[in-house]
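Before any comments, here is the structure.
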Amino acid sequence: GTAAGLLPLLHKFFNNKAKNSLALGIFPSMAHSSDALFNAFSCTGMISLENTTPLLFFDQGKLEEYRGVHRKGDTLNGVEALDYLLEILLEKDGFLRDFFTLSRNFNLQYFTPLMATGCSLEIYENLRNILDISLEQPLLDIDISTSSLIYVLVRSPLSYSSEFTKGVIEYEVSQWMNESLGIDIPQVVDTIFREEYGDRLDVVMLMGGFDTKPLFGGIYERIKRFTQMNLEQNLIEADHWNKLKENLLKD
């Protein structure tokens, strides 16, 4: 979680060793204590200042409320969705390397996922309908239409490999973004085909470059008083804190 002070140190270590990484930032909900939110703000700010890794953000409350379906048909509830997401991403050969490079090439640090898991084509009929349901349970409260890049990973039975080529997926995603989100942004599409029976698809979309001012600004308003207390007691270094804060709250 982003409230853990170890996260920036880990990614600084990986970066110094020239290792590709991706930080999973689970933000405490706004109902959590000020110190938890302060730690989350500080942790994110340190990683952002050092630019050691891209961050994939989740809201803890939304993650705990998530209700989905496993591709085997079992229910997928709460934080199980995070494990399922990681399983999909790491099943794609070279994902960490390619995604790290992608974030660097587009100069993007912040991403958040949209997911549609275990979706039966017999029920949903087509990929466009599956893309639509990914909007029903966002895992972070942001304006998705402000995103500037989308990475799409589709996991499908091998029998659909000719139906879900990269070209077809790119076209469907482009039309969906235009009609459902009102945006036209660069996209990168990858596929995973499994030798298995069934008609279930998993779709993961990592939205990058969205407007973070409401997210970071809302957290900062909650922790202003707590921060001032820490500054007055010399528990945090003022110059470093100001750089960190300005970096997160910049226009």
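Note on the range 102-137: residues that are without any contact (Cβ under 8 Å) to a residue 12 or more places away in the chain and under 22 Å from ALA23 (Cα atoms) amount to 3.
Taken over the range 148-183, residues that are in contact (Cβ under 8 Å) with a residue 60 or more places away in the chain and within 14 Å of LEU131 (Cα to Cα) amount to 2. Checked against (1) open to solvent by less than 20 Å² (accessible area, probe 1.4 Å); (2) under 22 Å from LEU201 (Cα atoms); (3) of a type outside the set (Asp, Glu); (4) not in a strand (DSSP E or B), LYS72 passes all but condition (1). Here the condition is being among the small types (Gly, Ala, Ser) and under 25 Å from THR146 (Cα atoms); of GLY217, GLY198, it holds for GLY217 alone. Within the range 91-107, the set of residues being within 28 Å of GLU122 (Cβ to Cβ) and surrounded by fewer than 14 Cβ atoms within 10 Å (Cβ to Cβ) comprises GLU91 only.
Only one of these is touching a residue at least 60 places away in the same chain (Cβ under 8 Å) and open to solvent by 50 Å² or more (accessible area, probe 1.4 Å): ASP211, ASP202. Name it.
Numbers: ASP202 fails: open to solvent by 50 Å² or more (accessible area, probe 1.4 Å).
Among ASP211, ASP202, only ASP211 is touching a residue at least 60 places away in the same chain (Cβ under 8 Å) and open to solvent by 50 Å² or more (accessible area, probe 1.4 Å).
Evaluate the following for ALA40: is it farther than 25 Å from LEU201 by Cβ and crowded, with 20+ Cβ neighbours inside 10 Å? Here the answer is yes, as ALA40 does meet what is asked.
Right, GLY61: more than 13 Å from the chain's Cα centre (by Cα) and either of a type in the set (D, E, K, R) or not in a helix (DSSP H, G or I) (or both) or not? Taking the combined requirement at face value, the residue does not satisfy it. In the set (1) hydroxyl-bearing (Ser, Thr, Tyr); (2) over 21 Å from TYR110 (Cβ atoms); (3) in contact (Cβ under 8 Å) with a residue 60 or more places away in the chain, TYR220 fails one condition alone, (2). Scan the range 51-64 for residues that are touching a residue at least 60 places away in the same chain (Cβ under 8 Å) and open to solvent by 20 Å² or more (accessible area, probe 1.4 Å) and the total you get is 2.
The values are calculated or read from the model by the stated rules, or taken from the named source; none is laboratory data. Nothing here was measured: the structure is a model prediction, and the numbers come from that model. We place every Cβ from the backbone using ideal geometry, glycine too, and count neighbours over all the protein chains shown. Keep in mind that these areas ignore ligands, DNA and RNA; they rest on the heavy atoms of the full protein, side chains included. Shrake-Rupley method; radii C 1.70, N 1.55, O 1.52, S 1.80 Å.
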